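Here's the structure, in structure tokens; my notes come after.
Coordinate-derived values only; no laboratory data. If you're wondering where the values come from, they're calculated on a predicted model, not measured in any experiment. Here the Cβ positions follow ideal geometry from the backbone for every residue, glycine too, while neighbour counts run over all protein chains shown.
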Amino acid sequence: MKKSTMTVRPVEPAQDLPGAAAYRPAPPPAWKPRTDPAPLLPDSEPHRVLGTGAAARLDAGLMRRLYAELVRGRRYNTQATALTKQGRLAVYPSSTGQEACEVAAALVLEERDWLFPSYRDTLAAVVRGLDPVEALTLLRGDWHTGYDPREHRIAPLCTPLATQLPHAVGLAHAARLKGDDVVALAMVGDGGTSEGDFHEALNFAAVWRAPVVFLVQNNGFAISVPLAKQTAAPSLAHKAVGYGMPGRLVDGNDAAAVHEVLAEAVARARRGGGPTLVEAVTYRMDAHTNADDATRYRGDAEVEAWRAHDPVQLMERELTERGMLDEDAVREAREAAETMAAELRERMNADPVLDPMDLFAHVYAEKTAQLREQEALLRAELDAEDER
């Protein structure tokens, strides 16, 4: 065979070829040039109110309400934790240190709105008006949920990570289609942002401009996994940009700041502006649950540094300095919290009356053949036991 004498020439860049302009595609018809150099991006620092002078613009009644609920919330957490040690609760995921997020999330909603909590958010449910015993029923193992979600407009406490987020979007989208003026606020931890449900919910909400607010309580750990091993993003709030919604970054221990940011997000959602992702930077002072040993993955110095940024103390200091809180008001808030704790302790110490047949209630609107068969088997076993 003869050796080929053909010379292979490199293709020149398109812009250097004759008539190259004809090959340059025009922008899509719907394309709009970006005018904001950082569209939808959160602030470089978490938004703060307490200690900055900005608290003067907030309603004094709201500030005192936030403080009272923070004090009650701290006592609720310590009492619920004690109940686990007494064998009255199977497990309790404490929100001590995160009370500002819990309280603000509950108080920012109107009665017609919906709250979608995770397993750590029983305090938010209580602040919204749920009976503390009903809030803890699931964690005692007595009942499927412990309360009627429709009555309180609080979705069931969600133990699987982030699965409540698509539910929140679906409800909010359906409400808007019906013409109902409803906003859904969905709470999730930083670990939940690593789940596929988080992506699906935010994408769905942004595309359909659903009236949803996503509150991420970034307490630094997904049980023992630190945030740095979950994401390389500058912040979790930055993730909002990829979905086409605004991201907000807030000091999660500043109850006034969390309420302010969430109020803006809820108002935006209600007027048709679509969803917002809010990241509240906070810290879980207690272990993940009573079954966790937090000393295995974090040091005492880290915990003590966050104690200096305690949400209850921050609010108390601000109100005291502004002359809105005196010793009598502090004592009144603490006594109210103690009364709540005493009632909760007394009611939780009473043995619940349980019916095994409740296993088959509220599973389906109409029981399936298999469920009826299982129900009959259990009833027969119980009847046989009674005859012995």
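Summary table
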item	result
Partners for residue 367 among aspartates and glutamates (Cα-Cα distance below 19 Å; same-chain residues under 8 apart left out)	355, 358, 375
Whichever aspartates and glutamates have a C-alpha closer than 12 Å to that of residue 229, once near sequence neighbours (fewer than 8 apart) are set aside	190
Relative counts (whole %) of C-alpha pair distances in segment 157-216, using bins that are 10 Å wide	26, 55, 17, 1
Overall form of segment 231-345 per C-alpha gyration tensor (a/c, 1.5; a/b vs b/c)	oblate
Nearest-ten-degree value, helix 255-270 long axis tilted from longest Cα axis of the chain	60 degrees
Segment 56-167 - convex hull of alpha carbons, volume per residue in Å³	110 Å³
Antiparallel bridges, percent of DSSP beta bridges restricted to the chain (to nearest 5)	10 percent
Residue order, fewest to most surrounding Cβ atoms within 10 angstrom, among 198, 360	360, 198
Segment residue 378-residue 112, extension gain: residue separation times 0.36 nm, minus the distance between their alpha carbons	91.7 nm
For segment 54-348: rounded, prolate or oblate by the Cα gyration tensor [a/c cutoff 1.5]	rounded
Fraction in percent of alpha-carbon pairs per bin - 5 Å, segment 134-282	2, 10, 18, 21, 20, 16, 8, 4, 0
